[in-house]
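Here's the structure we're looking at; comments come further down.
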Amino acid sequence: MSKELTISPFEVVGSPLCVASDDGQKVFERIQAALDAGHPVTVSFKNVTSLTSAFLNAAIGQLYGRFSEKDIKAKLKVAHLAQEDLALLKRVVDTAKAYFKDPDRFRQAERAVLGGSDA
Amino acid sequence: MKYPLTDIRHNPTGFETLIGLYAKYASSKFTKIEVDMGHTTWFDADMCAPFGAILYCLGAQGNRISLTQIRPDVERILTKNGFLTHYGRAALRDTYGTTIPYQRFDVKDDRYFAAYVENKFVRRMEMPKMSAALTKRFRESVFEIFSNAVLHSQTTLGIFSCGQFFPKRNTLDFSVADLGIGIRRNVKEHTGLVLSPDEAIDWATQGRNTTKRGPIPGGLGLKLLSDFVSKNGGRIQIVSDAGYWTLEKGKVDHFPLSAEFPGTVVTVEINTADKQSYSLSSELTESDIF
């Protein structure tokens, strides 16, 4: 069994403010490399004071375009998140699953706005 | 060339006045532009973000901007928040700490922006006494606005922000303006949808709609803001291109403006008297996420 790795966004970003998409990208690259190497990963948000959807979309949401939902569920954990941040991450994850699962949804959204048919 | 500026409040009339200024000089180059503020008896300080963005845009075309006849009350507030220091005035100390200073950022300045919000708002004793949960949500909301501008606007001229606490109204308003392509063009370029400017804003704030493409998903920033202000009893206001959109007390209203703003302005107004804890009705655990 591969060794479990802990990745700290605070350490990667160098700040308690995990708000920028570019910083989320750096965390994504660390998680991706660890998962590619077969290591289970825990992302520890200890000492992080602020999170945004932009950061989490890049750091976590983007994993669903690279790994299967089953693999992510089996190998990725998060720790030290406050309740409201767990809720934010849950929304990001649900949105990411839908984003990568349903490529036609944009057309559906467009049809809904236009109130018309597929034609 | 002289433009008479009337009262500027964060409402449609205030925006019409500012976009009128932009419309008048949008094609001017290397012109002296005098903004006559002799009839401006009130200026909501958070509106410095769109005002400053417009003046910066006109300045980038080689125009020389001067603000004249400023009334003492208005001059005091625009000096305290640092706005007039961009136009040659000396800075004035903000004794009561009700302003979040006017600043311009580049798109790569996420961390400067984060430090600005932290230092100019969160750590200031004079700011409204809000619960820790409300403070956190406010802070994250303004980061969401900034992130939206960075991710979507394609601005090359920067991002402008400013905030103001209104103690008598129990409101805190914070505005972020960018000089980017606007929501209508963004939606058209990424989805092919041809919508009016206000319909495009409405589209971008709904459900799972997003203009994001590529490996990083998106489409949550404006929804999170909308959810937050709805619960808080606050307001979100978006002006983009020639569209005006607002969400207040759970009700959305949107309509066209008479001319274009050269980008997008998002203003979040929070109710500082809100004592909600923002806890969730159903508790999540770390094993529920993936």
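Every read-out reported here was derived from the displayed coordinates using simple, explicitly stated rules and does not represent laboratory data. Bear in mind that the values here come from a model prediction, so they are computed numbers and not experimental data. Counting neighbours? That spans all protein chains shown, and the Cβs are built from the backbone with ideal geometry, glycine included.
Ratio of alpha-carbon Rg to the 2.2 N^0.38 Å globular estimate for the protein assembly as shown, to two decimals, please.
So the protein assembly as shown has a normalised radius of gyration of 1.01.
In peptide A:55-63, how many Cβ atoms from other protein chains are near each Cβ within 10 Å, on average?
4
Over all pairs of distinct alpha carbons, what does the Kirkwood formula give as the hydrodynamic radius of region B:173-216, in Å?
Roughly 11.4 Å, rounded to one decimal.
Given points 7 Å out from each Cα along the Cα-Cβ axis, report the A:Asp36 to B:Leu284 separation in nanometres with one decimal.
A separation of 2.8 nm, rounded to one decimal place.
Explain nothing, just the number: dipole magnitude of region B:5-77 about its Cα centre with +1 on each Lys and Arg Cβ and -1 on each Asp and Glu Cβ, in debye rounded to the nearest 20.
Computed about the Cα centre, the dipole is about 320 debye.
Using the 4.7 Å Cβ rule, please list in number order the cysteines from chain B without any candidate partner.
B:Cys57
Helix-only mean residue ellipticity at 222 nm, chain B, DSSP H runs n ≥ 4 weighted -39,500 (n - 2.57), per residue, nearest 500. What is it?
When only DSSP H runs of four or more count, the value is -10000 deg cm²/dmol.
Under a 10 Å cutoff between Cα atoms, tell me which one of B:Val74, B:Val252, B:Val107 has the largest fluctuation in the Gaussian network model of chain B.
So, out of B:Val74, B:Val252, B:Val107, the one fluctuating most is B:Val252.
Under a plain spin-label model, where a point goes 7 Å from the Cα along Cα-to-Cβ, how far apart in nm are B:Leu92 and B:Asp36?
2.3
If you place +1 on the Cβ of every Lys and Arg and -1 on the Cβ of every Asp and Glu, how big does the dipole about the Cα centre of the protein assembly as shown come out, in debye to the nearest 20?
420
Could you check the simple spin-label distance between B:Arg185 and A:Lys46, using points 7 Å along Cα→Cβ, in nm with one decimal?
In this crude spin-label approximation the distance works out to 4.8 nm.
When all C-alpha to C-alpha distances in region B:2-274 are sorted into bins of 5 Å, what percent of pairs does each bin hold, rounded to whole numbers?
Reading upward from the zero bin: 1, 6, 13, 18, 20, 18, 13, 7, 3, 1, 0.
What does the convex hull of the alpha-carbon atoms of region A:5-114 project to on average, in nm²?
Here the figure is 7.2 nm², rounded to one decimal.
Could you state the per residue volume, in Å³, of the convex hull enclosing the Cα atoms of region B:105-191?
106
With an 8 Å cut-off on Cα pairs and a minimum separation of 6 or more residues, tell me the relative contact order of chain B in percent.
17
Just how large is the dipole of chain B about the Cα centre, in debye to the nearest 20, putting +1 at every Lys and Arg Cβ and -1 at every Asp and Glu Cβ?
560
Give me a single rounded figure for A:17-25: the average over its residues of other chain Cβ atoms within 10 Å of their Cβ.
6
Of the cross-linked pairs A:Lys77/B:Lys223; B:Lys108/B:Lys231; A:Lys46/B:Lys136, which ones have a Cα-Cα span greater than 22 Å in the structure shown?
Long pairs (Cα-Cα over 22 Å): A:Lys77/B:Lys223; B:Lys108/B:Lys231.
Would you kindly give the portion of the calculated P(r) for region B:1-77 that falls above 18 Å, as a percent of all Cα pairs?
I get 34 percent for the Cα pairs in region B:1-77 exceeding 18 Å.
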